[in-house]
1. So for region 388-399 (the condition being touching a residue at least 40 places away in the same chain (Cβ under 8 Å) and within 30 Å of SER227 (Cα to Cα)), does at least one residue qualify?
2. Residue check: is TRP187 modelled with pLDDT of 95 or more, of a type in the set (Phe, Trp, Tyr), buried (at least 22 other Cβ atoms within 10 Å of the Cβ) and assigned to a helix (DSSP H, G or I)?
3. Residue by residue through region 315-343, note down the ones that are crowded, with 19+ Cβ neighbours inside 10 Å, of a type in the set (Val, Ile, Thr) and over 16 Å from the mean Cα position of the chain (by Cα).
4. Which members of region 119-168 meet the condition of being in a loop (DSSP other than H, G, I, E, B) and surrounded by fewer than 16 Cβ atoms within 10 Å (Cβ to Cβ)?
5. Being in a helix (DSSP H, G or I) and either without any contact (Cβ under 8 Å) to a residue 60 or more places away in the chain or not hydrophobic (A, V, I, L, M, F, W, C) (or both) narrows it down to one residue among GLY193, GLY208; which is it?
6. Quick one: ALA372 ticks every box in (1) farther than 25 Å from ARG305 by Cβ; (2) in a helix (DSSP H, G or I); (3) at pLDDT below 90; (4) out of contact with any Lys or Arg (no Cβ under 9 Å at 6 or more places or on another chain) except a single one, so which number is it?
7. Can you find a residue in region 27-44 that is out of contact with any helix residue (DSSP H, G or I) (no Cβ under 6 Å at 6 or more places or on another chain), within 22 Å of LEU441 (Cα to Cα) and at pLDDT below 85?
8. How many of the residues making up region 257-276 are assigned to a helix (DSSP H, G or I) and either small (Gly, Ala, Ser) or in contact with a Pro (Cβ under 9 Å, 6 or more places away or on another chain) (or both)?
Amino acid sequence: MLTTWSPTSLSPARRSELRGWLLLAVGSLAIAGILALLLGLSRTPGAQDWLPWGPHFFYRALVTHVVLSVVVWYLASLGALSVLAASAGNGGDRLGWTGLLLGAAGVILLLIPALADQGEPSLNNYVPVVGHPLFYVGLGLHALGVAIAALRPLALLWRLPRRPVPFAIACAALTYLAALACFLLAWTLIPAGTDPDLFNERVFWGGGHVLQILNTLILMIAWQVLSEREFGTGPVPAGLANAGFAALALFAVASPLVYWLGGDVLGLGHRQIFTRLLWVGLPLPPLVMGAGLALRLLRGPRNWRSPAFLSLALSLVVFAIGGFAGFFLGVADTRTPSHYHAVIGGVQLGLMGLILVVILPLLGRRLGEGRAGRLQFHLYGWGQLIHALGFFLAGTAGVPRKTTGLDQGLDTLWKKVSMGVVGMGTGLAVLGGVIFVWMALARLLRRGEGGHD
């Protein structure tokens, strides 16, 4: 059964809420881009002297940039998807608006420490933080807001018939709640007085792994919807798609049990269990759907002027290469960011297509046939591939991750060329991202066609 979203299927309240979540998601990307510009200026001789921040601003801004562009962007997008899968009714509207307001308030609060140049940055994995009460409160409020909105689709888990997309959104909501449970369990189990860096690393380690399952589900939702739109059918039969969605959700739901069965939360064994969880539970569902999508794309029709086709093709290629690179990771070198930048880039390309091609038209805001609509996918997709390739090559030469300047040890031509490739890819991807943010915000901030707001 195909997805049957249409502008008339959404009440005015739901359209307004959907627009609010999209503004929060895309607006967070825009702010992350501004922070990225400030990051560049803070490392530019001469320009850095004009900035009103101290030398540690770079890392505070870097943390906030990552949280906005990776965490808030995807969670707010889940909030938007929950609108489309929620049952009609005032109760659902109240939950949605409560969640949206809390989510927006949280983003405002977590911005303050970076702009005020306060708090100790922690570059821990998955959800880096600034050690300031306002940052933690803001992060918690945003997480709570998304959780409240995500309660609404859960009833679809037990309802028949199971159309793939609403069922997948319900599985994504359940996965997110499992990630929150992991964060809360880790927070309560870590002993008082633990070193702050170790505390942050272990609080966000388990739930951060579960968030990768959520990101994969979001990509698979985009593949399902865009494939239906472009080819009239999903990448794989509906039953097989639902089995993949359910399998990922089941692995996510099982993950909080690790905190009872996995030994010391600060121990190496506990840490390795979550790594194995992703190795065992994550690859097969997107691999099966990706293979089905590849066959659809190869059999055609191959319309390279279609934003939906571009989103499907480029997201599949970038995500697949990122996943393949994950089997060749080094120890603390740049092959790790090569892997996750490509994987996240694939998710990003799918979500860009879902928003521009499907969700914005539900609000009466169509993409149009202009060249910029296609160019953004090429720039972002190929830019991310070049960026990831540069990081992978640099990693094989031993360039360490999470370093800048002289700490990178660029003492050979191979290392310098590899990092130059990273910079070239970054520039292309950033330009594609800027076009996406500009096009999405321009449509969200004006009145929709037919008077839809």
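The values are calculated or read from the model by the stated rules, or taken from the named source; none is laboratory data. Computed from a prediction, not measured in an experiment: that's the story for all the values here. Here Cβ is always computed from backbone atoms with ideal geometry, including for glycine, and neighbour counts include all displayed protein chains.
1. Checking region 388-399: at least one residue is touching a residue at least 40 places away in the same chain (Cβ under 8 Å) and within 30 Å of SER227 (Cα to Cα).
2. For TRP187, the condition - modelled with pLDDT of 95 or more, of a type in the set (Phe, Trp, Tyr), buried (at least 22 other Cβ atoms within 10 Å of the Cβ) and assigned to a helix (DSSP H, G or I) - is not met.
3. VAL317, ILE321, THR334, THR336
4. LEU123, ASN125, ARG159, LEU160, PRO161
5. It is GLY208.
6. Unmet for ALA372, out of (1) farther than 25 Å from ARG305 by Cβ; (2) in a helix (DSSP H, G or I); (3) at pLDDT below 90; (4) out of contact with any Lys or Arg (no Cβ under 9 Å at 6 or more places or on another chain): (1).
7. Yes, there is a match, as at least one residue in region 27-44 is out of contact with any helix residue (DSSP H, G or I) (no Cβ under 6 Å at 6 or more places or on another chain), within 22 Å of LEU441 (Cα to Cα) and at pLDDT below 85.
8. 1
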